[in-house]
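To start, the structure under review is shown below, and the notes come after it.
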Amino acid sequence: DPWAAVNRIAVNPTNADMIIAATQKGLYQSNDHGSTWDPIAISGVANGQSAADVKWSSDGIYIWAAVGGNNKIVVSPNGGFSWNRVSNASPLYPGFPATQGRIEIAISPSDPNYVYLSIATTSGATYGVYRTTDAKSDTSHWSVIGVKGPLFDPFGSNNQGWYDNVIAVNPTDPNKIYEGGVDFYTWSDQSDWKLDDAGLGGGTTNPYY
């Protein structure tokens, strides 16, 4: 039963009748405020694979989702009427990351062109954070803004990115994000990565605990 586990629900900000659910059997869409649901078929993604995340842009036009065993990223450029897989194998997406483990998606509320991905490896370790500033382009460019290192490792030595992995964009500043895992980080194009003063883990051995 796809509804035995639902990882995320996204509602069209401009039309509350339109809903997409990321279930354990893939993406399901309703256009009648949840009375009926239909599975979403996407070319290049096998049917019935679990969907980890789905986010709807504030203008109601673009939808981003992570689907499949290695969390393939897919996008709808027209409110859910059609879907495309986003892949580093395609020249349409320069700089897009290789397939990894769990991926969480964040879309800027103030500018849907800004999309961020928080990516764990298949083992749950920190892989990186990627972003694009032209997500609504037919050829979006992606860049890496965070990689695992001494100053940035949100999923920690326990490799918990398969479990605690969250990312959000500041509501008014598309260039500032918040990244949560074992510890909590902020990033902006002005300050780079900063470990928050009130870290959320690590015990008393962590100086930021």
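Output the residues belonging to the range 77-133 that are of a type in the set (Asp, Glu) and in contact with a Ser or Thr (Cβ under 7 Å, 6 or more places away or on another chain).
Glu104
Hey, among the residues in the range 1-44 that are of a type in the set (Ser, Thr, Tyr) and exposed (fewer than 12 other Cβ atoms within 10 Å of the Cβ), which one's farthest from Trp83 (Cα to Cα)?
Ser35
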Exercise. Within the range 156-209, track down each residue that is of a type in the set (Val, Ile, Thr), modelled with pLDDT under 90 and under 21 Å from the mean Cα position of the chain (by Cα).
Key: Val182
Practice problem: Can you give me the number of residues within the range 127-147 that are closer than 15 Å to Tyr185 by Cα and within 13 Å of the chain's Cα centre (by Cα)? | Solution: 3
Self-check item: Failed criterion for Ile119 (all others in (1) at pLDDT 95 or above; (2) not in a loop (DSSP other than H, G, I, E, B) hold)
Solution: (1)
Exercise. Just give me the residues in the range 104-126 being within 13 Å of the chain's Cα centre (by Cα) and open to solvent by less than 10 Å² (accessible area, probe 1.4 Å), in sequence order.
Key: Glu104, Ile105, Ala106, Ser108, Val115, Tyr116, Leu117, Ser118, Ile119, Ala120
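For the range 181-192, which positions are in a loop (DSSP other than H, G, I, E, B) and in contact with a Gly (Cβ under 7 Å, 6 or more places away or on another chain)?
Passing the criteria: Gly181, Val182, Asp183.
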Self-check item: Residue ID - farthest from Trp83 (Cα to Cα), chosen from residues in the range 45-55 that are of a type outside the set (A, V, I, L, M) and exposed (fewer than 14 other Cβ atoms within 10 Å of the Cβ)
Solution: Gly48
Self-check item: Residue that is farthest from Ser123 (Cα to Cα), among those in the range 35-81 that are of a type in the set (D, E, K, R) and modelled with pLDDT of 90 or more
Solution: Asp59
Quiz item: Inside the range 128-158, can you point out the residues that are buried (at least 18 other Cβ atoms within 10 Å of the Cβ) and more than 30 Å from Asp59 (Cα to Cα)?
Solution: Phe152, Asp153, Pro154, Phe155, Gly156
Quiz prompt | Cβ-Cβ under 7 Å pairs, at least 6 apart or on other chains, the range 135-160 side of a type in the set (D, E, K, R), far side assigned to a loop (DSSP other than H, G, I, E, B) | solution = Lys136/Tyr62; Lys136/Pro112; Lys136/Asn113; Asp138/Leu92; Lys148/Ala125
Quiz item: If you check every pair at least six apart or on different chains, which have Cβ atoms under 6 Å apart with a residue in the range 75-89 that is closer than 14 Å to Pro39 by Cα first and a residue that is open to solvent by less than 50 Å² (accessible area, probe 1.4 Å) and not aromatic (Phe, Trp, Tyr) second?
Solution: Gly80/Gln29; Gly80/Ile63; Trp83/Ile42; Trp83/Val74; Trp83/Ser76
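The values are calculated or read from the model by the stated rules, or taken from the named source; none is laboratory data. Keep in mind that what you see is a predicted model, and the values were worked out from it rather than measured. Positions of Cβ are generated from backbone atoms using ideal geometry, with glycine treated the same way; all protein chains shown enter the neighbour counts. The protein model used for the area step is the full one, side chains on, heavy atoms only, and it has no ligands, DNA or RNA in it. Shrake-Rupley method; radii C 1.70, N 1.55, O 1.52, S 1.80 Å.
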